[in-house]
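Asker: Got a structure for you, written out below as structure tokens; questions coming shortly.
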Amino acid sequence: MADIFERPTQNDPGFRERLPAAHPREEMPRSAPLDVRAVREKLGLTQAEFARMGRFAVKSISNWENGERVSKSAELILQQLRELQEALCRNLAPDTVGRWLRDPNPYFGGSSPLQLVEQGRIDRLWRAIYRLESGEAS
């Protein structure tokens with residue numbers, strides 16, 4: 001009798017019977033294609049400003065808005081920007097989001113939220129959003 005910690009080999013009797021049953025791969029549902037123009041416009045940003053937020057070329061933004069396929073790596077960043085856009089629109093009047101992103105903000109030490117995102121400090125925006133949504137901020 002084989003030790004339960006021994007790995008069976010193909011020559012062992014009953015090898016195939018001891019293998020775990022294969023499960024058919026479940027397909028992950030694909031999310032709807034990301035509408036880059038809609039995200040950018042809801043943020044109230046120009047293509048150049050939106051490109052700065054994601055560290056993209058302006059040409060890439062233009063191409064994506066005109067139907068060119070977005071790479072998987074860019075799509076991850078764009079999804080994060082969409083989540084930020086949704087959170088900002090929950091907490092600010094939608095027509096003020098762009099101005100809020102552009103304007104220097106004393107809460108952020110005089111930096112604009114757009115500058116923070118460019119500098120890779122988006123966590124500061126998420127902390128501010130959390131404080132707003134949890135009622136911590138007055």
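Asker: Tell me, what HN-Hα J-couplings in whole Hz come from the Karplus equation 6.51 cos²θ - 1.76 cosθ + 1.60 at θ = phi - 60° for each residue of region 70-87, using x for Gly and Pro?
Answerer: Whole-Hz 3J(HN,Hα) from phi for region 70-87: 8, 5, 4, 5, 5, 4, 4, 5, 5, 5, 5, 5, 5, 4, 5, 4, 5, 5.
Asker: Under the rule a/c < 1.5 gives rounded, and otherwise a/b versus b/c splits prolate from oblate, where does region 49-138 land using the Cα gyration tensor?
Answerer: Note, shape of region 49-138 comes out prolate.
Asker: Computed FRET efficiency, Cβ-Cβ of S112 and R69, R0 25 Å: what is it to the nearest 0.05?
Answerer: 0.20
Asker: Could you work out how far apart the two model spin labels at E133 and S62 are, taking each label as a point 7 Å from the Cα in the direction of the beta carbon, and quote it in nm?
Answerer: For E133 paired with S62, the spin-label model returns 3.5 nm.
Asker: Given axes a ≥ b ≥ c from the Cα gyration tensor, I'd like to know whether region 37-81 is rounded (a/c under 1.5), prolate (a/b larger than b/c) or oblate.
Answerer: Rounded.
Asker: Quick one: length gained pulling A48 to D123 fully straight, 0.36 nm per residue minus the C-alpha distance?
Answerer: Between A48 and D123, full extension yields an extra 24.8 nm.
Just so you know, all these numbers are worked out from the coordinates, no wet-lab data involved. If you're wondering where the values come from, they're calculated on a predicted model, not measured in any experiment. Cβ sites come from the backbone with ideal geometry, for glycine too, and all protein chains shown count toward neighbours.
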